[in-house]
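Here is the structure we will look at.
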Amino acid sequence: MAAGKSIMRQVGAALMISSAVALGANFGSSTAKAEDDASRFTYVRLHCTADNQSHFTDVTIELAKENFAPPASPIAIGGNKPTSRAFVAGFEAHWGAADLQNHLNHPAPAVQLFTVLRGLFSITVTDGETRQLHAGDVVLLEDITPCRGHITVVGDEPGFLLFAR
């Protein structure tokens, strides 16, 4: 039973990253370039430093060819992270705008990976950097307590995220 759960977690993580690749991720950074190499994938990491401040870092992972679904051709896979839950979250337009106005940061409730499915999300970290995230962008949230966290604001339309914890 434990082996089955482990496999499901790995598959969930792989599906999460695969869905981001399929959506044509642009990674929420004006400095990020389009990925033309199927053996590398770049995503955004939102993490905390020892002083409990949050920061963004772009992370590139190497992917290796695997026979994922024979008889289909091999695909590049990597970045496996264990997961126990995946879910879609919907946010109303302008969600978080008052938090930005009041400088109300919050830490992530758990280490989690998300992919923007629809909408525009702006995330501001405590060092002052703000990134605009669009459909296909992937972020690994690691700014959990005691980190001061971040502020998320949704654009003019409702937004949807796919989370994996």
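Since every read-out is calculated from the coordinates, none of them should be taken as a lab result. Treat the numbers as computed from the prediction; the structure is a model and nothing was measured. Note that we place each Cβ from the backbone using ideal geometry, even for glycine, and neighbour counts take in every protein chain shown.
Values computed for the structure shown
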| quantity | calculated |
| --- | --- |
| Viscosity 1.306 mPa s, 10 °C: Kirkwood-radius Stokes-Einstein D of the stretch 36-75 over Cα pairs, µm²/s | 125 |
| Sites Ile144 and Leu120, calculated FRET efficiency, Cβ-Cβ separation with R0 22 Å, nearest 0.05 | 0.35 |
| The stretch 64-72 - phi-based ³J(HN,Hα) in whole Hz, Karplus 6.51/-1.76/1.60, Gly and Pro as x | 10, 5, 9, 7, 6, 9, x, x, 5 |
| DSSP-loop GluC sites (Glu not before Pro) across the stretch 43-98, with at most 13 other Cβ within 10 angstrom | Glu92 |
| Anisotropy class of the stretch 84-159 from Cα gyration tensor, a/c 1.5 cut | oblate |
